[in-house]
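For reference, the structure is listed below as structure tokens.
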Amino acid sequence: MSFKVSDYDFKLPKELIAYNPVQRGQSRLLVVEREKNRFYEKKFEDITNILPVESLIVRNITKVAKARIYGKRETGGRVEILILDPFSESGEFKCLLKSRKRLNENDKIFIDDKMIVTVVKKLDEGFLIKVPFKNRDDFFAKYGHIPLPPYIKRNENENDEKDYQTCYAERLGSCAAPTAGLHFNEKIIETIIKKGIRIVDLVLHISLGTFKPVKVKDIREHKMHSEYFEIDDDVVFKLNRAKNDGKKIVSIGTTSLRALETVYDGKIFFAKKGFTNLLIYPPYKIKSVDILLTNFHLPKSTLLMLVSSFAGRELILDAYRYAIDNGFRFFSYGDAMLII
């Protein structure tokens, strides 16, 4: 078994990076059948006819915060702040900072005349900052910007606040979207429920653990950062009943899957609130779920390695080659893949 990060590389034409989404439900869907070692194309709205009746869908109801903040140093130099844990209510946040000159402990970042952020200390990855807000949600609403990924090379627009958010988002706390969920609209969800497919919710607040680039040559040397998640007792009860009854468990996205795999011991699921730094790559065997809905991920990313654990590296890379050859749209605003 190879642990080379280079084995998860592929060349993607720039024109296949989706800068804007299509109408929800109208994305293309590549269905990957693991047992038959094949894949075929559908429209996303066809998922209502593909998912097994009486299966159990698990989705991540995290809500993306306006986690990108712009400010200035005392000298006037521009600073960009990406807050990594916007779910924190303490006023202290972990963040990434972009500035021409290095920022140090006790440096001030002026958001405006009244809002002055202080750099508390340098961390192993990023910084800790202190924000003197009275209300966290008001702070993000007033000063924040939608944290579009860096490969979407355009300025945010008025549609992104809705487009970069699932239609079922509830719990503010992520600095990136659970992108597999972006394909759903209310009509598709209603159709799924009418077919007898059940839906349960968990929370995993997406942060650096999900999107940090892999910079090592051997995946075993990659440091996976922790992300906060919650899975409640009632959800665990339904998950365990589905397992016992032989019903299919469907994970909407890699973040839902990482949370589920964290709380599954091979026999039962257990409720938990805490952090996970679980890094999944072949030959790891995923046992918590039976079906995975996901997007097309970046080359050499931990997300590509995760889906390779679920379906096999060769099959996934073959599917990616098909997607590229046939003009599928990639990454956060792109098309979808259903692995069954």
Conditions first: (1) part of a helix (DSSP H, G or I); (2) in the same structural domain as Y333 (by TED's automatic domain parsing); (3) touching a residue at least 24 places away in the same chain (Cβ under 8 Å). I199 passes all but one, so which condition is the exception? (1)
Given (1) closer than 26 Å to K66 by Cα; (2) under 20 Å from the mean Cα position of the chain (by Cα); (3) at pLDDT 95 or above, number of the condition E186 does not satisfy: (2)
Report, by residue number, each residue of the range 25-50 that is surrounded by 20 or more Cβ atoms within 10 Å (Cβ to Cβ) and part of a loop (DSSP other than H, G, I, E, B). S27
May I ask you to list the residues in the range 168-184 that are in a helix (DSSP H, G or I) and of a type outside the set (S, T, N, Q)? A180, G181, L182, H183
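The rows are residues; the columns are (1) surrounded by fewer than 21 Cβ atoms within 10 Å (Cβ to Cβ); (2) within 30 Å of I47 (Cβ to Cβ); (3) over 14 Å from the mean Cα position of the chain (by Cα).
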position: F133; (1), (2), (3): yes, no, yes
position: D137; (1), (2), (3): yes, no, yes
position: K142; (1), (2), (3): yes, no, yes
position: P149; (1), (2), (3): yes, yes, no
position: N155; (1), (2), (3): yes, no, yes
position: Y164; (1), (2), (3): no, yes, no
position: C167; (1), (2), (3): yes, yes, yes
position: E170; (1), (2), (3): yes, yes, yes
Read through the list (1) within 23 Å of T255 (Cα to Cα); (2) part of a loop (DSSP other than H, G, I, E, B), then give the number of the only condition that K11 fails. (1)
I'd like the full set of residues that are under 16 Å from L96 (Cα atoms) and not β-branched (V, I, T), limited to the range 129-139. K130
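The values are calculated or read from the model by the stated rules, or taken from the named source; none is laboratory data. Since the structure is predicted, the reported quantities are computational estimates derived from the model, not experimental observations. Virtual Cβ from ideal backbone geometry, glycine too; neighbours counted across all protein chains shown.
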